[in-house]
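The values are calculated or read from the model by the stated rules, or taken from the named source; none is laboratory data. Only a predicted model underlies this, so the values are computations on that prediction, with no experimental measurement involved. Here the Cβ is made from the backbone with ideal geometry for all residues, glycine too, and neighbour counts use every protein chain on show.
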Amino acid sequence: MLVIALLAFVAIPTVSSSEDHTVSILYAGSLAAVMENGIGPAFVQATGYGYQGEAQGSLGAAQMIRDRVRTPDVFISADPSVNQSILMGPQNGGLVKWFVTLASSQLVLAYNPHSKFASKFEAAAANKVPWYEVLEMPGVHFGRGDPRIDPKGYRTLFLFSLAGKYYHRQEIPGLLGDPLNPAQVFPEIVLMARVESGQFDAGIFYKHEVVAHKLPYITLPPEINLGDVHFAALYAGESYTTPSGQHVSGAPILFTLTIPETARHREAALAFAKFLLSSNSLLNQFGLGSIDHQVGGELNQVPTDLRRFNSGTFKP
Amino acid sequence: MNYRPKPTFIIFGLLGSLLLINLLLPIVNLLLHADWSHWTASLMQPDARSAVKVSIIASAISVLIMALLGVPLAYLLARARLPLKRLWISLVFLPMVVPDLAGGILLLQLFGPYGVIGRPLDARNIELTNNLAGIVLAQLFVASPFVIVSALAAFASVDSKLEMAAATLGDSRWQIFWRISMPLAWPGIAAGITLAWIRALGEFGTTLIMAYNPHSLPVYMWVKFETDGLAGALPAAFWLVLLAAVAVTVSMFLSRLTGYADVVTPLGQTGGKLT
């Protein structure tokens, strides 16, 4: 009893005093810098609500919501399909009924400015050398996300496959080796640590991650970088099946927002969603792209306050 | 004296059992909600078995290295006249207060392919990260202090009069170490080794950065949690609890072999002062 009483003492102040005034956000890991340094503080300042953010891999975060080990007020995913395959529909308990697309991003090739290959990467950034030729150089260490746990992981597979076709160089996808090549594949946080600490020369990242971490990067053509909705049909030609049997297809990189049915503070959640959907310039500042906010799932379940931001229906 | 303190024991028992319940409840809960048929199937998957193998091999190597290098270091710190002794001892504690992720990054900067130590080796195609060596290095960093600190305390608690008596009888330092210090300090050292072993088995944060591949059991559990949620992670958690239990049992067995069964508790050294 004493232990419980003590624990309750610790737990109560954060729950009751801020009841309905603090919004808890579970978001895709790559958004950490954007959320904690940009959106979070700006939201608190603009609305007076409290803000509590938690970064997790999109897939893992969705699993946590489905397994009810997290009950965030707002869930921001790095891939619309994560909502559809893990949270929506009766087979998933219907914990999410709708989502809106929030922003776009694109894959870039970032490099460590102190790498011994930095001058080569700079030349590639200036379009003097093809970027893949730098990666082909012996001794270059580069990393990418894990397709098992991270949408960026399988998106990188799509990127290299698209690049092979785009440049008519069939050996480009071969740069990756096995999809799960242990020499290249790392969780997001580890990959960033490796490139920032100079232990890797380069890595494939989202543009907004690289902007936040102030790493130099090479912009890739929209035909292959998965960042342009106009090339959706081209991206859709790519697909990958994870070892656990999940089938994913190429699609533009879109971040989505939803308020799960398990949300505890709906009022705060709505305030946050409204704030985020009208923060395009802030998102752009952090390297994300503005898009039309489309609705996926059940249109009539979207809270009335959010409908004015919608323009059209999301088609996967 | 033996009969008086009963009320004290009752009060302490009540207080202690509250904490004990708090420690055991999560594990009991894990076992109560076990989906045994699904778990045994998950544990038989090749990647699960490989993770168990990696964890056992890596932690066994780590424990061997820690014991071979840590025990002499502890003896030195306990008995030798060293300049700045207190400083050396406090440095041993340092890895314990470094957060796991930070520890991983520090190690990476040293042993990574462009690290101070990793770079010249990488040029010779020897890699120290992202393989078994990386896991062992991570485990050594986080778990060694347990061996050193326990052994240090154990050596320090050996009555130095016994060592001096042996010396006056003509024993060399080497003989004193093996005949007097080591046997008397062994229960404490064994406890430290067990703790270090368990710490190494469960190590996650530092390992994740140093060696994501091959997956050790904790990393595998995290990957399963990310991909399959709780249903994927719980069997691996069960494996970890099981392995830790085996480690404790082995340690108890070892100390029984050496004749200290009555005074050795696997998770704490008491010396011979209980009776």
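Quick one: which residue in A:Ile218, A:Ile291 is in a strand (DSSP E or B) and either on the phi < 0 side of the Ramachandran plot or not assigned by TED's automatic domain parsing to the domain that holds A:Leu87 (or both)? Sole residue among the options that is in a strand (DSSP E or B) and either on the phi < 0 side of the Ramachandran plot or not assigned by TED's automatic domain parsing to the domain that holds A:Leu87 (or both): A:Ile218. Restricting to region B:173-222, give me the number of residues that are among the hydroxyl-bearing types (Ser, Thr, Tyr) and either in contact with a Pro (Cβ under 8 Å, 6 or more places away or on another chain) or away from every other protein chain (no Cβ under 14 Å) (or both). Total meeting the criteria: 4. Close contacts from region A:196-215, counting a first residue that is more than 25 Å from B:Arg119 (Cα to Cα) and a second that is modelled with pLDDT under 90 and surrounded by fewer than 24 Cβ atoms within 10 Å (Cβ to Cβ), with Cβ to Cβ under 7 Å and a gap of 6+ residues or different chains, come to A:Ala212/A:Ala33. The combined condition, being surrounded by 11 or more Cβ atoms within 10 Å (Cβ to Cβ) and among the small types (Gly, Ala, Ser), is fulfilled by B:Ser55.
In this entry, A:Ala273 is excluded by the filter for residues that are surrounded by fewer than 24 Cβ atoms within 10 Å (Cβ to Cβ) and either more than 22 Å from A:Arg148 (Cβ to Cβ) or within 14 Å of chain B (Cβ to nearest Cβ) (or both). Of the residues in region B:223-236, not one is more than 24 Å from A:Ser244 (Cβ to Cβ), within 14 Å of chain A (Cβ to nearest Cβ) and in contact (Cβ under 8 Å) with a residue 12 or more places away in the chain. Of all residues in region A:199-214, those that are outside any strand (DSSP E or B) and within 18 Å of the chain's Cα centre (by Cα) total 8. Of the residues making up region A:52-94, those that are part of a loop (DSSP other than H, G, I, E, B), under 19 Å from the mean Cα position of the chain (by Cα) and within 16 Å of A:Gly296 (Cα to Cα) are A:Ala78, A:Asp79, A:Met88.
Selection of region A:294-316 for residues being more than 24 Å from A:Arg266 (Cβ to Cβ), assigned to a loop (DSSP other than H, G, I, E, B) and of a type outside the set (D, E, K, R) yields only A:Pro316.
If you go through region A:100-148 and keep only what is among the aromatic types (Phe, Trp, Tyr) and more than 14 Å from chain B (Cβ to nearest Cβ), you end up with A:Phe121, A:Trp131, A:Tyr132.
Here B:Val149 meets each of (1) in a helix (DSSP H, G or I); (2) within 14 Å of chain A (Cβ to nearest Cβ) with one exception, condition (2).
Sub-9 Å Cβ pairs linking a first residue in region B:38-56 that is farther than 22 Å from B:Val250 by Cβ to a second residue that is exposed (fewer than 14 other Cβ atoms within 10 Å of the Cβ), at least 6 apart or interchain, are B:Asp47/A:Pro243, ordered by first then second residue.
Would you check if B:Glu163 is of a type in the set (Asp, Glu), surrounded by fewer than 23 Cβ atoms within 10 Å (Cβ to Cβ) and within 30 Å of A:Lys116 (Cα to Cα)?
Spelling it out, it is not the case that B:Glu163 is of a type in the set (Asp, Glu), surrounded by fewer than 23 Cβ atoms within 10 Å (Cβ to Cβ) and within 30 Å of A:Lys116 (Cα to Cα).
Is it fair to say B:Gly202 is closer than 30 Å to B:Gln45 by Cα, surrounded by fewer than 23 Cβ atoms within 10 Å (Cβ to Cβ) and out of contact with any Asp or Glu (no Cβ under 9 Å at 6 or more places or on another chain)? Spelling it out, B:Gly202 is indeed closer than 30 Å to B:Gln45 by Cα, surrounded by fewer than 23 Cβ atoms within 10 Å (Cβ to Cβ) and out of contact with any Asp or Glu (no Cβ under 9 Å at 6 or more places or on another chain). For region B:6-36, filtering for residues that are assigned to a loop (DSSP other than H, G, I, E, B) and surrounded by 11 or more Cβ atoms within 10 Å (Cβ to Cβ) leaves 2.
Listed here are the residues, each with its yes/no results for (1) within 20 Å of A:Phe117 (Cβ to Cβ); (2) within 14 Å of chain B (Cβ to nearest Cβ).
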site: A:Asp150; (1), (2): no, yes
site: A:Thr156; (1), (2): yes, no
site: A:Gln170; (1), (2): no, no
site: A:Phe205; (1), (2): yes, no
site: A:Ala232; (1), (2): no, no
site: A:Tyr235; (1), (2): no, no
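In region B:32-41, the condition of being touching a helix residue (DSSP H, G or I) at 6+ places or on another chain (Cβ under 8 Å) and at pLDDT 85 or above is met by no residue.
In this entry, B:Ile176 passes the filter for residues that are touching an Asp or Glu at 6+ places or on another chain (Cβ under 7 Å) and either part of a loop (DSSP other than H, G, I, E, B) or farther than 22 Å from B:Ser59 by Cβ (or both). The single condition among (1) closer than 20 Å to A:Thr101 by Cα; (2) in contact (Cβ under 8 Å) with a residue 24 or more places away in the chain that A:Ala236 does not meet is (2).
Which one of A:Val195, A:Val185 is facing chain B (nearest Cβ under 10 Å) and surrounded by 24 or more Cβ atoms within 10 Å (Cβ to Cβ)?
A:Val185
State all residues of region A:220-257 that are in contact with a Lys or Arg (Cβ under 8 Å, 6 or more places away or on another chain), crowded, with 17+ Cβ neighbours inside 10 Å and of a type in the set (S, T, N, Q); if no residue qualifies, say none. The answer is A:Thr242, and nothing else. Among the listed residues B:Pro83, B:Pro99, B:Pro72, identify the single one that is within 14 Å of chain A (Cβ to nearest Cβ), surrounded by fewer than 16 Cβ atoms within 10 Å (Cβ to Cβ) and at pLDDT 90 or above. When all the criteria are applied, what remains is B:Pro99.
The selection criterion, being modelled with pLDDT under 85 and assigned by TED's automatic domain parsing to the domain that holds B:Gln109, holds for B:Val250. Among the residues of region A:250-287 satisfying the criterion of being of a type in the set (Lys, Arg) and assigned to a helix (DSSP H, G or I), which is nearest to A:Val44 (Cα to Cα)? Here the residue is A:Lys274. Selection of region B:37-47 for residues being surrounded by fewer than 11 Cβ atoms within 10 Å (Cβ to Cβ) and away from every other protein chain (no Cβ under 13 Å) yields B:Ser37, B:Met44.
Of A:Val302, A:Val248, all but one fail to be among the hydrophobic types (A, V, I, L, M, F, W, C), within 14 Å of chain B (Cβ to nearest Cβ) and touching a residue at least 24 places away in the same chain (Cβ under 8 Å); the exception is A:Val248.
Looking at B:Leu77, B:Leu91, just one residue is over 25 Å from A:Phe186 (Cα atoms) and exposed (fewer than 14 other Cβ atoms within 10 Å of the Cβ), and that residue is B:Leu91.
Could we say that B:Arg81 is without any contact (Cβ under 8 Å) to a residue 40 or more places away in the chain, in a helix (DSSP H, G or I) and of a type outside the set (A, V, I, L, M) here? Against the criterion (without any contact (Cβ under 8 Å) to a residue 40 or more places away in the chain, in a helix (DSSP H, G or I) and of a type outside the set (A, V, I, L, M)), B:Arg81 does not qualify.
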